[in-house]
Amino acid sequence: MDALLAEARLAAQSDASVLIQGESGTGKELLARAIHRASPRHGRPFVAINCGAIPAELLESELFGHVKGAFTGAGRDHAGLFQSAEGGTVLLDEIVDRAHPAPLQVKLLRVLQEGEVRPVGATETRPVDVRILSATHRNLEEAIASGEFREDLYYRLNVVNLTLPPLRERREDIPLLAQHFLTVLTEKYQRRIHGFAPDALDMLTAADWPGNIRQLHNVLEQCCALCTTTTIPVSLVARAARQAGRDPAAGRGALDPRARLPDLAAEAHPRPGQRSGAAGRPQPHRGLPAAAAPWPHPRAVQGPRRGLSVGRRRRLP
């Protein structure tokens with residue numbers, strides 16, 4: 001991750017197109033936002049577009065805009081997302097989709113090559129100044145071979161390629177992520193939870209996490225919502241993992257809570273005087289720009305009430 005984030009910092013200083021690849025839930029949009037915040041365009045808009053969530057017949061109008069009367073219901077001019085991001089960054093998330101027709105890909109290619117868009121129904125192009133990032137969990141080479149994706153568009157998007165590894169391949173980040181999520185979630189739920197039991201942190205680190213960071217966040221949110229102690233126990237982690245919908249322990253035999261794993265985060269990012277385990281608070285990753293560092297400053301939060309107020313039952317006559 002250090003090498004990948006170092007490349008991301010270098011790419012952020014230019015206007016080169018960046019293609020971010022990785023499994024679902026690995027944090028592709030978060031990396032794109034970090035690149036934007038570290039770039040000279042950080043003061044301008046960041047617009048993330050989930051191309052797979054917009055129907056193909058609407059995507060062209062959403063991206064490039066339309067003029068009044070271009071189609072039924074077009075009662076006024078619409079600028080489109082590229083023009084609304086003027087001077088900033090556009091993230092085309094899930095750029096590879098079977099529903100995207102070839103003409104739309106041609107118009108995307110024109111934005112990349114010429115820096116201009118033509119709204120639906122317009123007769124003239126309009127200049128736009130945007131930096132384009134794209135992301136996908138699919139194999140682009142296979143999409144090109146099957147005819148789903150234009151090869152020339154691929155080369156325009158893939159100037160800099162950043163591939164985020166799945167969480168199971170960067171286990172040293174799990175304690176850092178877990179502590180960061182714990183800090184955020186304890187503020188959200190107003191809980192006095194200071195860390196994880198050692199065997200609970202071992203279980204989190206040993207799991208495969210098929211849903212990656214998104215699944216880890218889901219499990220920790222359930223733990224914070226249901227925890228009644230100042231440390232999250234291994235039993236609560238195991239319960240939340242089972243109820244998360246996809247078992248992060250599938251296929252691994254190293255999830256025995258008694259098995260102690262080394263504190264990889266402490267080895268990768270040692271701090272003077274810091275003890276190993278869950279007590280130490282993680283520091284921002286060395287490869288991430290300070291403006292993009294996700295870990296907030298800790299502050300005291302108000303704890304919950306102890307127990308619920310229940311009125312006395314009335315005795316039936």
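Looking only at region 71-83, count how many residues are surrounded by 17 or more Cβ atoms within 10 Å (Cβ to Cβ) and at negative phi. Result for region 71-83: 4. When the residues of region 12-47 are filtered to those that are open to solvent by 50 Å² or more (accessible area, probe 1.4 Å) and small (Gly, Ala, Ser), the one that is modelled with the highest pLDDT is Gly43. Hey, could you check region 48-70 for residues that are more than 19 Å from Arg110 (Cβ to Cβ) and in contact with a Gly (Cβ under 7 Å, 6 or more places away or on another chain) and say which is least open to solvent (accessible area, probe 1.4 Å)? Looking at the filtered set, the residue picked out is Gly69. Restricting Leu104, Leu108, Leu91, Leu112 to residues that are assigned to a helix (DSSP H, G or I) and in contact (Cβ under 8 Å) with a residue 60 or more places away in the chain narrows the list to Leu112. For region 84-93, indicate whether the set of residues that are crowded, with 19+ Cβ neighbours inside 10 Å, under 17 Å from Ala56 (Cβ atoms) and modelled with pLDDT of 90 or more is non-empty. Yes, because at least one residue in region 84-93 is crowded, with 19+ Cβ neighbours inside 10 Å, under 17 Å from Ala56 (Cβ atoms) and modelled with pLDDT of 90 or more. So Leu81 passes all but one of these: (1) free of Cβ contacts under 8 Å to residues at least 40 places away in the same chain; (2) more than 21 Å from Ala16 (Cβ to Cβ). Which condition number does it fail? So Leu81 meets the others, but not (2).
In region 101-124, the count of residues that are loosely packed, with under 12 Cβ neighbours inside 10 Å, over 29 Å from Arg37 (Cα atoms) and charged (D, E, K, R) is one or more.
The values are calculated or read from the model by the stated rules, or taken from the named source; none is laboratory data. Model, not experiment: these values are computed from the prediction. Ideal geometry is used to build each Cβ from the backbone, glycine not excepted, and the neighbour counts take in all protein chains shown. In case anyone asks, the SASA skips ligands and DNA or RNA and just uses the protein heavy atoms, side chains included. Shrake-Rupley method; radii C 1.70, N 1.55, O 1.52, S 1.80 Å.
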